[in-house]
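Scroll down for the structure; my scribbles are underneath it.
Just so it is clear, none of the values below were taken in a lab; they were calculated from the coordinates. Please read these numbers as outputs of a predicted model, since none were measured by experiment. Positions of Cβ are generated from backbone atoms using ideal geometry, with glycine treated the same way; all protein chains shown enter the neighbour counts.
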């Protein structure tokens, strides 16, 4: 039994397992910056905290507004939601959203303050970027997810924004390699959304969510998930060719070889997804997908740092 508005209830509402998707792009952006000589660990930690707090904000917003819309029905297949289960009252959740936004903005402003003198626009660019992140956290749940924009927003807010934002804050410039790395992160993390949408395809159709799987069917979702692994693997190969193959450090070959683990694991997870096909058992695939992309990000980060 979970006590209403208790610490355990808030912990579950934060959905800590989803923080993997928030941490991966910051790891990758920081690794690329470290490769170029950036050593401001305090700024990197601020980026990591901001990304994790914004993920928690998005989870709280999703929990509250889906409860208000009535989309968290008894036929829900995903993890249980705090408001729908009565663990947290709607009024408390609204206060939790406001407080977590305050914490995230405070961390972001701290990072801006620490690098104020070096930033070309004195941090204005990051203040605007933070505001955009907060606005879209609301827009996604209340409107854009129902229009099927989720995959594009993942590419932007789990790829381009956090990877390039972290890299820019640490190096004060943007390169093609950083952009390529952000695309790798965004596409890899989109696998989480794809399996969510694949699992929830029947419920989303009832709720009016026009996801890719709802629009084009189960077979499209099945092969789109597989394609994500193929594209990520090819992009990693191209990035390694651009950045690592001319290095003199032989250790890079170890990490490059280990990168082959990701497509193998992704393929095996896809095979399980196809066999399961539907139902709550697909939550196991969600966990394996998170594991696969986190391992890929750690190995790629180490390759960039030690290569």
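Points worth noting:
- With the simple model of a label 7 Å out from the Cα in the direction of the Cβ, residue 80 to residue 231 spans 3.6 nm.
- For region 6-83, the spread of Cα positions along the three principal axes, ordered from largest to smallest, is 52, 24, 17 Å.
- Helix-only [θ]222 nm of the chain, DSSP H runs n ≥ 4, -39500 (n - 2.57) each, per residue, nearest 500: -24000 deg cm²/dmol
- Region 8-50 - convex hull of alpha carbons, volume per residue in Å³: 62 Å³
- Taking the chain and dividing mean pair separation by its residue count, relative contact order in percent (alpha carbons under 8 Å, at least six apart): 23 percent
- Counting neighbouring Cβ atoms within 10 Å and putting the fewest first, the residues 138, 277 line up as 277, 138.
- Between residue 131 and residue 253, the simple spin-label model (points 7 angstrom out along Cα→Cβ) gives 5.3 nm.
- Most fluctuating residue given options 83, 220, 46, as computed from a GNM of the chain linking Cα atoms under 10 Å: 220
- Here the Gaussian network model covers the chain, with springs between Cα atoms less than 10 Å apart; of 49, 128, 256, 128 fluctuates the most.
- Ascending count of other beta-carbon atoms within 10 Å, so fewest first, for 24, 101, 298: 298, 101, 24
- Ranking of 241, 270, 10 by count of other Cβ atoms within 10 Å, fewest first: 241, 10, 270
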